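Student: To start, I am sharing the structure in question, which I have written as C-alpha cells.
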C-alpha cells in the first residue's frame, strides 16, 4: 500500500513508519518536526540521541534497502499543500499521529493549552476536509487515547471498545441506541482526542470516510526490531515530567539511582502497551478498515492494566532504588479501578507483549547506556492542572543523591483547605496487574 504516516518522526510514528516499510509498504512521512522544537523550548532532550530525520531515513535505506520519503508540512496550517500532497500521492491509507501527545504539556501554560487545541483539532479537521475535497478513499487510522473514557468514571464496569448501548425512554417504550461512550477528558490533550471522535463520527456519516480510532494505553519500551538495527535509528526515550511515560521514567530514574517518582498515592490505575505492540496494532488496523458508510471503527489498544504503585514496587525490587511519593500536579482521583475490553485486536491475531523482567531489563539497558545525558532538573513533574497546586523540589543534583535505604515522602503531611491530611502518603494495597475484561 501507499501509506502516509502523519507525525512519523515521533515516539510512536517513527517505529511505526519503519515497521510498515519493512512489511513492504511504500511509506511517506509527513511531519513538521514540532516535537524536536518542543525539546528546544523545554531545554530537554530524549535520553537516547535522536539523529536528524534526513540521516535517519538514509540509514534506514542503507540497512533495509527500502526508501521512506519525507515531506515537511504542518498539517494544522498548510491545508492547500496537504490537498496537493494527497492529490499527487493518492495514498491507499493514512496513519494519523500528528498531534501534540502529552497531557502535562497541554496543561503547562495558557500558551501550551492553546497550542494543543489549535494544533490537534485543526490537524485532524484539515485531514478529514482534505480527503473529502480530493475525492480519495483512503483508510484513515488515528492514534487516540484511553483517556477519552476518563479514569474512575465507570468504576469496575468494563470499558467497551468505543460504543455503548443505552436505553432511551419514549412514550412508546424504551428503544436501544448505540452511542459513543461518554467522554470524560482529564486534560486539554484528552479533550482534543474527544473532539477528534466527534469529527470522525460526522465525516463517516456525512462523507462515508473510512476511519479507525485506536484508543491506546500508556506506551512503554523504546525499541522495536527495526529501530534496534542501528544506533542512528534509535527511538525516543523521554524521561522528563511532561513527555516521559510512567514506566519508562521509573526505569530511567533507577538507572541513575534517582528515587522513583510516584506523584500522589500511586493508586492511579492505567492501561499499558509496549511500543512493539503499538506498531503491530497499527498494521492490523490498516489490514481491517471499516467499509464506506460504516461508523468509525474503535479499538482499545491496550495489553494490560497496572496500578502505578505496583509498577514502582516492581522496579524498586528489581533495582534496589527507593520510591518517593511526591505531590500530584494533576487533578484526578487518588485511586481508581480500570477494567478494559480489548477483544477486537485479540480476535485479529495480536499476540500481546506483557510486562516481564526481560523486557524491563532491555529498557534498563538503554537507560543505563545513555544515563549521562539525563538532566536531573527535568525529572520531577511540575506542570500543574490548577494554579497554586504544590510541586516537589528536585530530589537529586549532580553531586548529591539520597543514601541507600532513604524513605522519601513529600506528601504525607500536606494539608487540604480544611486543614486535614490529604492522605497518608502510602500506596494502596494491590498485587500486580488488574484483570482485563476479555
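Derivation of every value follows stated rules applied to the coordinates shown; laboratory data play no part. On a predicted model such as this, the values are computed, not experimentally measured, just so you know. Glycine gets a Cβ as well: all are built from the backbone with ideal geometry, and neighbour counts include every protein chain shown.
Student: Does segment 77-160 come out rounded, prolate or oblate, given a ≥ b ≥ c as the square roots of the eigenvalues of its C-alpha gyration tensor, rounded meaning a/c under 1.5 and, failing that, prolate meaning a/b above b/c?
Tutor: Since a/c reaches 1.5 but b/c is at least a/b, the shape of segment 77-160 is classed as oblate.
Student: In whole Å, how far is the Cα centre of segment 263-335 from that of segment 197-228?
Tutor: 15
Student: If neighbour count is taken as other Cβ atoms inside 10 Å, put 239, 115 in order from fewest to most.
Tutor: 115, 239
Student: Let me ask something additional. Take the alpha carbon gyration tensor of segment 1-122, find the square roots of its eigenvalues, order them as a ≥ b ≥ c, and report rounded if a/c is under 1.5; if not, report prolate when a/b exceeds b/c, else oblate.
Tutor: Note, shape of segment 1-122 comes out oblate.
Student: If I take all pairs of Cα atoms in segment 186-233, what percentage of them are more than 15 Å from each other?
Tutor: Within segment 186-233, distances greater than 15 Å cover 64 percent of Cα pairs.
Student: Suppose a student asked you for the relative contact order of the chain, using Cα pairs under 8 Å spaced at least 6 residues apart; what percent would you report?
Tutor: 18
Student: Related question: Shape of segment 125-229 from its Cα gyration tensor (a ≥ b ≥ c, root eigenvalues): rounded if a/c is under 1.5, otherwise prolate when a/b > b/c, or oblate?
Tutor: oblate
Student: What is the packing order of peptides 304-315, 2-13, 384-395, taking the mean over residues of other C-beta atoms within 10 Å and listing the highest first?
Tutor: Ranked from most to least packed, the peptides come out as 2-13, 304-315, 384-395.
Student: Please build a GNM for the chain, connecting alpha carbons under 10 Å apart, and tell me which residue among 117, 159, 38 fluctuates the most.
Tutor: Comparing 117, 159, 38 in the GNM, the peak value goes to 38.
Student: Here's another thing I want to ask about it. Tell me, what is the percent relative contact order of segment 1-56, built from C-alpha pairs under 8 Å that lie six or more residues apart?
Tutor: Value for segment 1-56: 35 percent.
Student: May I ask for log10 I(q)/I(0) of the chain at q = 0.10 Å⁻¹, from a Debye sum over the Cα atoms as equal point scatterers with solvent left out?
Tutor: Relative scattering, expressed as log10 I(q)/I(0), comes to -0.70.
Student: Under the Kirkwood approximation for Rh and a Cα-based Rg, what ratio Rg/Rh is obtained for segment 229-306?
Tutor: Rg divided by Rh gives 1.09.
Student: A further question on this structure: Name the most mobile residue of 219, 262, 231, meaning the one with the largest mean-square fluctuation, in a Gaussian network model of the chain with Cα contacts below 10 Å.
Tutor: 231
Student: Quick check on packing: order 57-67, 15-25 by the mean number of other C-beta atoms within 10 Å, highest mean leading.
Tutor: Packing order, densest peptide first, comes out as 15-25, 57-67.
Student: Still on this structure, please answer the following. What order, most packed first, do the peptides 367-378, 328-339 have when packing is the mean number of other Cβ atoms within 10 Å of each residue?
Tutor: Going by the mean number of other Cβ atoms within 10 Å, highest first, we get 328-339, 367-378.
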